[in-house]
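Novice: Have a look at the structure that comes next, please.
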Amino acid sequence: ILKGTNMELTMEKPETNKNNRDLHSPRFRLQLTAMQKKLLSSLVALILIGFVFSILTSGQFIEARNISNLVRQTAINGILAVGMTWVILLSGVDLSVGSVTAFVGIVVAISQTSWGWSTNGITGIIMSIGLALGVGAIIGAINGFWIAKMGIHSFVITFGMMVIARGL
């Protein structure tokens, strides 16, 4: 068994003839779970898609600048997806996450431009990050209060917060 994984690598005994010579070289069989097969097939599909786009764009798709741009554009969605995974696993629904993220981004932009925090260097950046975390936590606490303490379904509360955040 390969350490750190649930994969088994087994070696079958080779077929032999009456002179005890190998008829075939040893065959290796990799046994994967269903989840590992899905992950492996997704990885292969991703590599094939990258290969096709690389051919269609004459190699410009695989350039470092483009890969950096793709990672930068998907980072926020990836971070939000991690948080949403926990909400969905706990049988909840949060419709407000996109609008709250946009609202927090606007608050940070206002703090940097209108309040002059951008002239404070690293201190201004740290204050803006703290403000973003604080505003997001307050909005999350408001949602949590109405859902947990008042017993209103998360769909209704987060839909309302989505509308409120968009309106602000």
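Novice: Per-residue HN-Hα couplings for region 77-92, Karplus 6.51 cos²θ - 1.76 cosθ + 1.60 at θ = phi - 60°, whole Hz, x for Gly and Pro?
Specialist: Running phi through 6.51 cos²θ - 1.76 cosθ + 1.60 with θ = phi - 60° gives 5, x, 5, 5, 5, 5, x, 5, 4, 5, 4, 5, 4, 8, 6, x Hz.
Novice: Pull out the extension gain between Glu63 and Met127, defined as 0.36 nm times the separation in residues minus the alpha carbon to alpha carbon distance; nm, one decimal.
Specialist: Numbers: separation 64, 0.36 × 64 = 23.04 nm, distance 3.55 nm.
Separation in residues times 0.36 nm, less the Cα-Cα distance, equals 19.5 nm.
Novice: Continuing with the same structure: Would you please give the FRET efficiency between Ile47 and Lys149, computed as 1/(1 + (r/R0)^6) with r the Cβ-Cβ distance and R0 = 41 Å, to the nearest 0.05?
Specialist: On the way: r = 48 Å, r/R0 = 1.18.
Step by step, r from the Cβ atoms, then E = 0.25.
Novice: Using a 1.4 Å probe and counting only protein heavy atoms, arrange Trp117, Trp146 so the residue with the most accessible area comes first. Display every interim value, and only then the final one.
Specialist: On the way: Trp117 55, Trp146 105 Å².
Solvent-accessible surface, decreasing: Trp146, Trp117.
Novice: Heads up, I need the accessible area for Phe61: 1.4 angstrom probe, whole protein in place, Å², nearest 10.
Specialist: Accessible area, nearest 10 Å²: 50 Å².
Novice: For region 40-142, what number results from the quotient of the Cα radius of gyration and 2.2 N^0.38 Å?
Specialist: On the way: Rg = 18.8 Å, N = 103, 2.2 N^0.38 = 12.8 Å.
Output field value: 1.47.
Novice: Could I ask something else about it? Using alpha carbon centroids, what distance separates region 27-96 and region 124-167, in Å?
Specialist: Using only Cα atoms to place each centre, the spacing works out to 29 Å.
Novice: Please arrange Val107, Val93 by accessible surface area, largest first, computed with a 1.4 Å probe and ligands excluded. Spell out each step's value before the answer.
Specialist: Details: Val107 25, Val93 55 Å².
Of Val107, Val93, the descending order of accessible area is Val93, Val107.
The values are calculated or read from the model by the stated rules, or taken from the named source; none is laboratory data. Note that this is a predicted model, so its numbers are computed, not measured. For neighbour counting, all protein chains shown are included, and Cβ atoms are generated from backbone atoms with ideal geometry for every residue, glycine included. The protein model used for the area step is the full one, side chains on, heavy atoms only, and it has no ligands, DNA or RNA in it. Shrake-Rupley method; radii C 1.70, N 1.55, O 1.52, S 1.80 Å.
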